[in-house]
Each structure stands twice: as C-alpha cells, then as structure tokens.
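As structure tokens, the structure follows; a few thoughts come after it.
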Amino acid sequence: QEKAKDPDSSVKGVRLSAELVGELFKPGETITIRVKLENTSKSRVYLHKQLGLGSGGFRITILDGNDSWVPPNFIRETFPTPVLSKDDLQAIEPGKAIEQKIYIASEHYEMAPGDYTLQVAYVSPVAPEPATKGLTVLTSHDGKLEAKPIRFKILAPQDRF
C-alpha cells in the first residue's frame, strides 16, 4: 500500500490541513469539513480566488474500513473561471491562512454503518500563464497538496451518541 505524503508537506510554502466537525455521524447526516490553506513561507503566495470542489480545487475521497474507495452517487464539481489577471487571484500573506468549510451530505455516498477514512487534497486550478508572471502562484503544475487522513464513523440508525 502506498504511504501518504508527510502531513506537513507543502508546495510553494502552502500547507493544507483538514478536520471534521465531529467524528460520529448518523446515516444521512451532513458531514462538515474545515479546510485550511496556510502560507508557511516568508513571501506572499497567490491562489485562485474561487475555492471549489473537483476541478475547482478540493478533492474529497472516502475509503471504507477495508480501504476501498466509496464512490459518490452524484457529481458535485465547480469549474473556476480562467485566470485572466491578478484580480482572479487571492493572496495568502506569510503566516496567514484561508479557511473554509465544505459540506458533504452522507446520503450522497453509499455508506453503511462502520468506520471510514476521509482524504482531502487540493490541486490548484490555475494554469501557468502570462497573467501570473512575476507572482508566486500555486498552479496546476505544482501537484497535489494532501491533508492528513481523517477517521470517522457512521453509526447504525439505533446507535446513540
């Protein structure tokens, strides 16, 4: 089995971390994930100002107790606008972070009661282009940022918290 990258790995000084709000969920309950893109470098780094799911940046993978992929039963993706100028980017100053919440409806996945692992990754939707010349921009060519995997549990309907 492939070993995940070190949880503190960063690209261009940007580190991704993710945490669940809670760890026990009832079937059909919405799962909230807090994601944070933090600039650990000494200079300003730019990201696309739209932070979405799928090709828009964040990638969500759920594995069951046997480490098998749990596919979603629908597609939820955002398609960011192309970067035409610096106005399409947002800066993260050194030592600062951008935080946001992602909501996952557990009924959108075939999850029976049991233990699961959530993997969150970020791939920049920004192509290296003349519009970003001279700026430190996280681009699609920089590869994937990965947060440390998170374990959670889907309870049986009769289970109590």
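Details
- For Arg34, the solvent-accessible surface computed with a 1.4 Å probe is close to 90 Å², ligands and nucleic acids excluded.
- Surrounding net charge for Ile62, when Lys and Arg each add one and Asp and Glu each subtract one, Cβ distance under 12 Å: -2
- Taken along the Cα-to-beta-carbon direction at a fixed 7 Å, the label points for Gln158 and Glu29 span 1.9 nm.
- Accessible surface of the chain [probe 1.4 Å, protein heavy atoms]: carbon and sulfur percent: 49 percent
- 24 Å Cα-Cα threshold exceeded, pairs from Lys12/Lys49; Lys26/Lys144; Lys26/Lys49; Lys36/Lys133; Lys86/Lys144; Lys49/Lys153: Lys26/Lys144; Lys26/Lys49; Lys36/Lys133; Lys49/Lys153
- Where the Cα pairs of the chain fall when distances are cut into 5 Å bins, in %: 2, 9, 17, 20, 18, 13, 10, 7, 3, 1, 0, 0
- Relative contact order computed over the stretch 13-161 (Cα-Cα under 8 Å; 6+ residues apart), in percent: 34 percent
- Each principal axis of the Cα atoms in the stretch 52-119 has its own extent, and those three values, largest first, are 46, 28, 18 angstrom.
- Of the chymotrypsin sites (Phe, Trp or Tyr not before Pro) found in the stretch 98-141, none is in coil by DSSP with at most 15 other Cβ atoms within 10 Å of its Cβ.
The values are calculated or read from the model by the stated rules, or taken from the named source; none is laboratory data. In this text the structure is predicted, and so the values were computed from the model without any measurement. A quick note on method: Cβ atoms are made from the backbone with ideal geometry, for glycine too, and the neighbour counts reach across all protein chains shown. The area values use the complete protein model at the heavy-atom level, side chains included, leaving out ligands, DNA and RNA. Shrake-Rupley method; radii C 1.70, N 1.55, O 1.52, S 1.80 Å.
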